[in-house]
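For reference, the structure is listed below as C-alpha cells.
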Amino acid sequence: MQSILILGAGKSSTYLIDFLLESAGPKQRKVTVADVSEKIAAEKVKSNPFASAVAIDIDNVQARQSLIQKSDLVVSMLPAFLHPIIAKDCLDLGKHLFTASYESQELRKLESDIKAKNLLFLNECGLDPGIDHMSAMRIIEQEKKEGNEIISFKSYCGGVLAPESEDNPWKYKFTWNPRNVVLAGQGVSKYIQNGQNKFIPYHKLFERIEKVSFGKAGDFDGYANRDSLRYRSIYGLESIPTMLRGTLRRSGFCQAWNVFVQLGMTDDSFESDFPEDTTYSGFLNSFLPIDPTKTLNERLQKYLPGVDQEVMSKIEWLGFFSNNKLPLTKGSPAAILQKILEAKWQLNLTDKDMVVLQHQFEVKGSFGTKEIISSLVCKGENQEYTAMAKTVGLPLAIAIDLFLGGKIKSRGLQIPVLKEFYEPILNALEEKGIVFEEIEKPKKL
C-alpha cells in the first residue's frame with residue numbers, strides 16, 4: 001500500500017483530506033493525519049478504515065522522523081516556517097514532499113540534493129500560489145503556441161466574503177491565517193510597468209491600488225504583492241514590459257487598513273507591555289501625538305488628513321474609540337491588533353467565504369492587440385467547507401493522486417508551471433466546479 005502522511009489538520013486541509021480519503025480504499029492507499037490535536041485530526045479522518053489520526057509534536061525529532069519514515073509521501077499543511085524542517089527530514093529519509101506554500105530560499109538550497117535523490121518536492125500548489133500559476137500558464141502557452149506575444153500580464157487574487165455574508169463595514173472576515181493578513185505586504189513590493197521596474201514601500205502600498213471588477217461579484221481593490229519580478233522567468237515571460245501580481249480586498253478596505261499601517265499598529269518588530277486596564281482607545285492613543293485640545297477622533301483625523309467618515313466608521317466599528325479592555329496587553333502592536341480583529345472578524349456559522357482570482361492579459365498578434373480577462377469566483381458552503389479550503393486543498397490533493405498514480409514523472413524542486421502538472425490538475429478542478437470564465441476583446445486604443 002502507498003502511504004500518505006498529512007501534517008496539519010487545520011481549516012485549509014478539509015478538502016485535501018476528504019479527497020484523498022475518498023480514493024484511499026479503491027487505490028489501496030493509507031492516509032495518516034497528524035496534528036498537534038489528535039482530536040482535530042480524528043474529526044477529519046471520520047473513522048475511515050484506510051486512515052488514522054495521530055498527535056504530533058514537531059519538536060520531538062524522533063517521533064516526527066518515525067512518522068515520516070513510515071510514509072511514501074508527506075504533505076505539509078503546517079505554517080510555512082516549519083516546511084524547511086520537514087523538507088530536511090524528507091530529504092534525509094528519501095520521501096516526496098508536497099506543500100501549498102511559496103518555495104522558500106531554504107528549500108532552494110536543497111535543490112541539487114533533491115534531484116540527486118530522484119525525489120519530487122512540489123511547492124506552490126494551492127490557490128495563490130497554485131491555481132494562479134496553472135491557469136496563467138495555460139493561457140500563456142496557448143498564446144505562444146499561436147505565435148502571439150504577451151505584452152502585459154496582471155494577476156490578482158483574494159480570499160474575501162460572499163456578498164450575502166458582508167455584514168460589517170469592512171466587508172471582511174478572516175478566512176485564512178489572521179497573522180498573515182495583519183502582516184500582509186510588509187517589505188517592498190516590486191513589479192514592472194511599461195519596461196520600468198517599480199517599487200512600492202510598505203507605507204505607500206495601500207494607497208497604490210487598482211480597481212478590479214468581477215461582474216456580479218462586484219468591485220475590489222487590488223494591491224501589489226511583494227515580488228512580481230521573479231515570476232517573469234518562471235512564466236517564460238522574461239522580456240514582458242508589464243507584469244504585476246496582487247492581492248484583492250473589497251473596495252474601501254485598503255483605505256481603512258492604511259490607517260493601521262500609517263500609525264504603526266501592524267509593526268511586529270518590538271513588544272509592548274501595557275497596563276492590564278488599557279482600553280482600545282488607550283491603545284489607539286499610544287500611536288497619536290498629544291493634543292489636550294482635541295478628542296481622540298479629531299487627533300486621528302488631524303494626524304492622517306486623508307481619513308474620511310467612511311474610514312472612521314470602520315475604525316469605530318472595531319471599537320477603537322471605546323473603553324473596552326484590550327484582549328491582549330503584552331506583545332507586538334501587530335499581535336495586539338490581530339487579537340482585536342479576531343474578535344470582530346470571526347466567521348459566523350452561517351457565513352460563506354469567497355475566492356476571487358483574475359488574470360488580465362494584453363496580447364499582440366497579426367490581429368492587432370487583444371485583452372484576455374480570465375476570472376474565477378468560488379463560493380464556500382459553510383464555515384468548515386470554505387472556498388479557501390477548497391481552492392487550496394484540492395489542487396494539492398489532485399497533484400498527489402496523479403503523482404502516486406504514475407501520471408506525473410517530474411522530479412526535483414518544482415512548482416506546477418509545467419504542462420504535465422497544470423493540464424490534468426485544472427481539468428480535474430473543473431470537474432469539482434472550479435472553473436474560469438474567459439473574455440476576449442480587442443484592445444481599445
Inset, instruction - With respect to F253, determine if the residue is touching a Gly at 6+ places or on another chain (Cβ under 8 Å), buried (at least 17 other Cβ atoms within 10 Å of the Cβ) and in contact (Cβ under 8 Å) with a residue 12 or more places away in the chain. - result: no
Legend entry - Long-range neighbours under 9 Å by Cβ, at least six apart or interchain, first residue farther than 30 Å from G187 by Cβ within the range 268-297, second among the acidic types (D, E) and open to solvent by 70 Å² or more (accessible area, probe 1.4 Å): D291/E298; N297/E316
Legend entry - Where a residue in the range 422-445 is surrounded by 16 or more Cβ atoms within 10 Å (Cβ to Cβ) and its partner, wherever it lies, is among the acidic types (D, E) and in a helix (DSSP H, G or I), with Cβ under 9 Å and at least six apart: Y422/E141; A428/D401; F436/E430
Legend entry - Top-ranked residue of the range 15-38 - restricted to ones that are out of contact with any Lys or Arg (no Cβ under 6 Å at 6 or more places or on another chain), within 25 Å of D89 (Cβ to Cβ) and assigned to a helix (DSSP H, G or I), ranked as most open to solvent (accessible area, probe 1.4 Å): E38
Inset, instruction - Read through the list (1) farther than 23 Å from P178 by Cβ; (2) open to solvent by less than 50 Å² (accessible area, probe 1.4 Å); (3) out of contact with any Gly (no Cβ under 8 Å at 6 or more places or on another chain), then give the number of the only condition that V61 fails. - result: (2)
Legend entry - For V74: the one exception among (1) touching a Lys or Arg at 6+ places or on another chain (Cβ under 6 Å); (2) open to solvent by 30 Å² or more (accessible area, probe 1.4 Å); (3) of a type in the set (V, I, T): (2)
Legend entry - Filter result (aliphatic (A, V, I, L, M), under 24 Å from N123 (Cα atoms) and in a helix (DSSP H, G or I)) within the range 46-81: V61, L67, I68, A80
Legend entry - Answer from F220, F260 - the residue that is over 20 Å from L357 (Cβ atoms), buried (at least 18 other Cβ atoms within 10 Å of the Cβ), modelled with pLDDT of 95 or more and not basic (K, R): F260
Legend entry - Residues of the range 359-377 classified as under 22 Å from the mean Cα position of the chain (by Cα) and open to solvent by 10 Å² or more (accessible area, probe 1.4 Å), total: 4
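The values are calculated or read from the model by the stated rules, or taken from the named source; none is laboratory data. Model, not experiment: these values are computed from the prediction. Don't worry about glycine lacking a Cβ; one is built from the backbone with ideal geometry, like all the others, and counts go over all protein chains shown. Protein only, heavy atoms only, side chains kept; ligands, DNA and RNA dropped before computing areas. Shrake-Rupley method; radii C 1.70, N 1.55, O 1.52, S 1.80 Å.
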